[in-house]
Amino acid sequence: MVIDEIGYLPITRTGAMLFFQLLSRRYEHASTILTSNKGFEDWGEIFGDDVMAAALVDRLVHHCHIVNIRGNSYRLRQHRDLARRPRPTPPPPLGGRPPRRPPAPHRAQPPTRVPDSPATSVPHSIGIDTGQ
């Protein structure tokens with residue numbers, strides 16, 4: 001099972017309890033991949049219960065490979081690359097007046113890269129529980 005972006009959206013108390021039960025049942029029986037931009041120290045706040053979060057993290061890291069990725073967000077990098085790509089020039093009209101160009105759509109500009117800025121340098125943790 002792959003669970004992406006733990007902590008990105010708020011989790012209700014009931015949701016946190018169900019998530020804990022799900023992962024507790026999978027513990028040592030099946031592989032699980034989790035991604036998050038939050039460190040384990042923040043999981044108590046995410047789940048609303050420090051004790052439950054500590055028990056969950058304990059189960060997750062027991063047979064786990066943790067991959068920490070630091071650097072620019074792939075989504076921001078792709079957006080920046082698309083914004084820098086030159087636009088193709090339309091061919092000239094075959095006769096008469098040139099057609100009116102529609103206004104260019106508004107494009108959000110990616111943030112300016114500042115070294116080690118939280119907006120562009122996001123830690124990503126990927127935990128892979130081998131289920132063994």
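Being assigned to a helix (DSSP H, G or I) and either closer than 14 Å to Gly7 by Cα or aliphatic (A, V, I, L, M) (or both) is the filter here, so list the residues in the range 51-66 that pass it.
Val51, Met52, Ala53, Ala54, Ala55, Leu56, Val57, Leu60, Val61
Return the total of residues in the range 1-25 being surrounded by 14 or more Cβ atoms within 10 Å (Cβ to Cβ) and touching a strand residue (DSSP E or B) at 6+ places or on another chain (Cβ under 6 Å).
Counting residues in the range 1-25 that are surrounded by 14 or more Cβ atoms within 10 Å (Cβ to Cβ) and touching a strand residue (DSSP E or B) at 6+ places or on another chain (Cβ under 6 Å) gives 3.
The rows are residues; the columns are (1) part of a helix (DSSP H, G or I); (2) touching a Leu at 6+ places or on another chain (Cβ under 6 Å); (3) modelled with pLDDT of 90 or more.
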site	(1), (2), (3)
Ile6	no, yes, yes
Ile11	no, no, yes
Gly15	yes, no, yes
Leu18	yes, no, yes
Gln21	yes, no, yes
Arg25	yes, no, yes
Ala30	no, no, yes
Trp43	yes, no, yes
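Would it be correct to say that His63 is open to solvent by 90 Å² or more (accessible area, probe 1.4 Å) and either modelled with pLDDT under 95 or hydrophobic (A, V, I, L, M, F, W, C) (or both)?
no
Contact list please: Cβ distance under 6 Å, first residue in the range 14-27 and under 15 Å from Asp50 (Cα atoms), second residue open to solvent by less than 90 Å² (accessible area, probe 1.4 Å) and in a helix (DSSP H, G or I), pairs at least six apart or on different chains.
Sorted first by the residue in the range 14-27, then by its partner, the pairs are Ala16/Phe47; Phe20/Met52; Phe20/Leu56.
Filter the range 43-52 down to residues that are farther than 12 Å from Tyr8 by Cα and in contact (Cβ under 8 Å) with a residue 24 or more places away in the chain and give me whichever is surrounded by the fewest Cβ atoms within 10 Å (Cβ to Cβ).
For the range 43-52, the residue satisfying everything is Gly48.
Considering only the range 32-41, state which residues are surrounded by 12 or more Cβ atoms within 10 Å (Cβ to Cβ) and not in a helix (DSSP H, G or I).
Thr32, Ile33, Leu34, Thr35, Ser36, Asn37, Lys38
Could you tell me whether Arg84 is open to solvent by 90 Å² or more (accessible area, probe 1.4 Å), farther than 30 Å from Thr32 by Cβ and at pLDDT below 75?
The answer is no for Arg84.
The values are calculated or read from the model by the stated rules, or taken from the named source; none is laboratory data. Because the structure is a prediction, the values reported are computed rather than measured. Ideal geometry is used to build each Cβ from the backbone, glycine not excepted, and the neighbour counts take in all protein chains shown. What goes into the accessible areas is simple: the full protein's heavy atoms, side chains included, and nothing from ligands, DNA or RNA. Shrake-Rupley method; radii C 1.70, N 1.55, O 1.52, S 1.80 Å.
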